[in-house]
Amino acid sequence: MTEEKLKHLLQKADSFAGPPDTARINLSVLRRRAHHRHIKYSLAPFAAAAILLIAAAIWKLPAKTPDTAPGQDKIASLESQITKLQASTDAAIDLIHQVLEQEKRQSQLNELQAQLASIPDPLEEIQQQVDKTAFILVYQADRLYRELNQTESAVETYKRVIELFPENQWAQVARERLTEIKEKQSYKIDLKGDSKWKLQNV
Amino acid sequence: MAETINDELLVEQFNRNKESAFESIIERYSADVAALANRLLGWPGDVEDITQDVFLAAFVGLKKFRRDCSLKTWLFTITINKCRSYKYKRLLRLRRLPKITDKASLSLNPGAHGELMKTETFERVRHAIATLPTKYREAVVLRYLQELPTDEISKILRISKNTLHVRLSRAREYLKQELAELM
């Protein structure tokens, strides 16, 4: 089994598959996609900076309201604002945790689904193994008959396929091969018969 | 040689903001890129998306291309990277490889069994290649199907020649086991 044979088999498979569908690559589409990509990547930091500025401005806003309450009231008011901000920050953090948890569960689910999809159906596996075995026997019988000229061994193998896997598609192929061999052999016998008759009648 | 000079000229023109030079690059290499992507992804037939992604990356990155390798090698490197991330995304979406032919329709044709044999052989080869680890599959495709020299493959995969030989050797061992009956 040489490297050359492997290469030949791979190239045969490749030529059987044929070339891919012709992709029409449009320069204007590429330009547009490149432009969108540029906008996305160059504006992202500005967007992030803008969000931070707005957040900082919102944070500072209560500190700019006019100072009308006396000292104690002012402190109480600030304390209640801090409590409210803390509550909303806690709520935002809880929400973020929930989203992260959900994403984690979703990715676990996706992984499980992928694993489930990859588990082969045992009946299908068995059928594939049967198909594979029948195919290999027919393939080997073909080689015995066509390449190595060992008709008897080939016939034995075809008969074995029919015997073991009578309902299989490869058994049908084996039956056709046997018919073909039988026809060739009877044609040869007819030819010999004819030539013998001719010799006798000269 | 002439092609290398032309490629350099095209890159030069592109760098001088002559974007139409890129159309010539697309015309010259889109078939090769599509063929390589098709082989790396297991012959799905439809590789338009990924070919577009490759040329988009090339369009965006051509001005930074350092010319330490040929343009073709560079495009093949991008193709390999895109195929790697494409396979990962496809796995997440649970898509399957499309079958090349419909066996039911084959059985109605007179020469059907011959075709069925070829289809079966092809499916076995495809399965064997698909089950190879990515790094071995890339080496096998570039060496035996693209028929590139080992120097160029080492540059594309960014590995030493020794590592490439080891990967090819292991890939051959695996494929010989999987495809023994077909050789």
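Restricting to the range A:1-60, what's the tally of residues that are of a type in the set (D, E, K, R) and under 30 Å from A:Gln81 (Cα atoms)?
Residues in the range A:1-60 being of a type in the set (D, E, K, R) and under 30 Å from A:Gln81 (Cα atoms): 1 in total.
Being part of a helix (DSSP H, G or I) and charged (D, E, K, R) is the filter here, so list the residues in the range B:115-149 that pass it.
Correct list: B:Glu115, B:Lys118, B:Glu120, B:Glu123, B:Arg124, B:Arg126, B:Lys135, B:Arg137, B:Glu138, B:Arg143.
Tell me the residue from A:Leu164, A:Leu112, A:Leu144, A:Leu148 that is outside the structural domain of A:Lys182 (by TED's automatic domain parsing) and on the phi < 0 side of the Ramachandran plot, please.
Of the residues listed, the single one that is outside the structural domain of A:Lys182 (by TED's automatic domain parsing) and on the phi < 0 side of the Ramachandran plot is A:Leu112.
Could you check the range A:138-161 and list, in sequence order, the residues that are touching a Phe, Trp or Tyr at 6+ places or on another chain (Cβ under 9 Å) and away from chain B (no Cβ under 14 Å)?
Answer for the range A:138-161, where residues must be touching a Phe, Trp or Tyr at 6+ places or on another chain (Cβ under 9 Å) and away from chain B (no Cβ under 14 Å): A:Thr151, A:Ser153, A:Ala154, A:Val155.
Have a look at B:Glu152, B:Glu178 and point out the one that is farther than 15 Å from B:Thr73 by Cβ, more than 10 Å from chain A (Cβ to nearest Cβ) and out of contact with any Cys (no Cβ under 6 Å at 6 or more places or on another chain).
Matching residue, one of B:Glu152, B:Glu178: B:Glu178.
Determine the pairs where a residue that is within 13 Å of B:Arg172 (Cα to Cα), located within the range B:127-141, has a partner that is at pLDDT below 90 and not in a helix (DSSP H, G or I) with Cβ atoms under 6 Å apart, the partner being 6 or more residues away or on another chain.
Pairs found: B:Ala128/B:Leu179.
The values are calculated or read from the model by the stated rules, or taken from the named source; none is laboratory data. It should be emphasised that the depicted structure is a prediction, and the values quoted were computed from it without experimental measurement. Ideal geometry is used to build each Cβ from the backbone, glycine not excepted, and the neighbour counts take in all protein chains shown.
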